[in-house]
1. I need the calculated FRET efficiency for the pair LEU47 and ILE151, taking r as the beta carbon distance and R₀ as 35 Å, to the nearest 0.05.
2. Could you grab the relative contact order for the range 35-134? Cα pairs under 8 Å, six or more apart, rounded to a whole percent.
3. Once Rh for the range 123-218 is found with the Kirkwood sum over Cα pairs, what is the Stokes-Einstein diffusion coefficient at 4 °C and 1.567 mPa s, in µm²/s?
4. Give, in nm to one decimal, the length gained when the segment between ILE343 and ASP80 is fully stretched (0.36 nm per residue of separation minus the Cα-Cα distance).
5. Amide H of TRP147: which non-local residues (sequence gap of 5 or more, or other chain) have their own amide H closer than 5 Å, using H built in the peptide plane?
6. How far, in nm, would the chain grow between THR218 and ALA315 when pulled straight, counting 0.36 nm per residue and subtracting the alpha carbon separation?
7. What is the gain in length, in nm to one decimal, between LEU136 and ILE54 on full extension, counting 0.36 nm per residue of separation less the C-alpha to C-alpha distance?
8. At a Förster radius of 60 Å, what calculated FRET efficiency corresponds to the Cβ-Cβ distance of ILE191 and SER87, to the nearest 0.05?
Amino acid sequence: MKNLEKFWLLIGIILTNATQLRLPSLPIGLGEIMLFFWVILALIKLLINKLCLITPILKLVSLFWIVAFTSLTLGLEIADSMNLQSSEWYRDYFAFGFSFILSICLANSDFLYSQTQKMIDYVISFSMLALFSLFLFPYSVPFLITWYDGIRFLGWSKNPNQLALLLSIIPFFSLYLFKTSHQILSKLKFIILIILCFILGTATQSDALIFAWMIGLTISIFLESYLFLSKKFLFKKYIKSEIKGLIQAMIAVLFAIIILILADFGYQQIYSTFANIYDEGDQGSARTILWKNGMIAISYSPLFGLGPGAHSGEAGPFLDFEAHNTFIDWGSSSGILGIIAYISLLGWIAWQAWKKQSFIMFAAVICLMIFSSFHYVLRHPIFWFYLLSINSLINQSSKNKY
């Protein structure tokens, strides 16, 4: 039964990204329905067993949602008093409510902690196999439109950026599983999964995804290399302290040179990425306008926001357009309090990864934060699954190898 529950949960999470399978004119599909039944089961088990895993992440997620719904509700009242309510505020309110219950149930799920690596392996393996099959055989499923205008890969999503969210953390999970696996075939599998993910990610033509990968993977490679060299040369008992100091200085100089090279390369890539975002289809200027008008909307109610819904617009604020930036969209909905809660949530997980030298997961959080700067991610169940899975991997014992 536990295996059935686990697979039901994982398939549900994956299918929430398959937005082409949603019901007509409704924001729910097969994935959301499966997760709904899993949440009901999780709540029933909680009531029967009365077993609640009071973990730091459960406390943090609970605190985040308490602050979030307080701000959202007060913001909605403020928006109503100023006649600035979003016309579809109830959709976001429902989505946040579902994400709240789902994230709490996930944070209280025992197998999320005990079988995280297997669960992630199943998610990325199934996703990459299914999506790459659609990539190679785009007409194999008649009711799916797998390419947007024939140039951007959609897979099973309605928008290539939705697929980009699914792909965003897969390279980091694959690197982590590659590092912790002792079997040659498993390591080879994770290398193949990374390659497939890069092919699919490039095919989505999501500049935000490429930019987030570029920064995240650079951080990961840099920190993991430094950790490896430090353990290789600095922690040997037979090396004298003077020699250790010399080696440490040489490593510091080497990495300083690498930083300078990467800084120059990174500047060119960042400039090129932003230029592409700005120039492609004039989306850069449109995005800048949406960001600006989203900031104007925040200024109307900076502390609590204006409640759920889209508050930006192309010709001005309050035209039911999203800013396509989690910090701005979330800020216009929940105000400064909501932004602080969001940054605190990501920052705490990143700090835990840094303290425990889980640098791949640290880079994964950075990647997720950068990606969220170009898209609104808080309503997506897969975002919460990724975030809680990252936290779980950070806290797993180094002896518990997959």
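1. Values: r = 50 Å, r/R0 = 1.44.
That pair, LEU47 with ILE151, gives E of 0.10.
2. Values: 26 pairs, mean separation 45.1, N = 100.
Rounded, it is 45 percent for the range 35-134.
3. Values: Rh = 13.7 Å.
In µm²/s, the coefficient rounds to 94.
4. Full extension from ILE343 to ASP80 adds 92.0 nm.
5. LEU154
6. That pair, THR218 and ALA315, stretches by 31.1 nm at full extension.
7. Working: separation 82, 0.36 × 82 = 29.52 nm, distance 4.53 nm.
Here the segment from LEU136 to ILE54 would lengthen by 25.0 nm.
8. After rounding, the FRET efficiency stands at 0.80.
Just so you know, all these numbers are worked out from the coordinates, no wet-lab data involved. Just so it is clear, the model here is predicted, and its values are computed rather than measured. Cβ sites come from the backbone with ideal geometry, for glycine too, and all protein chains shown count toward neighbours.
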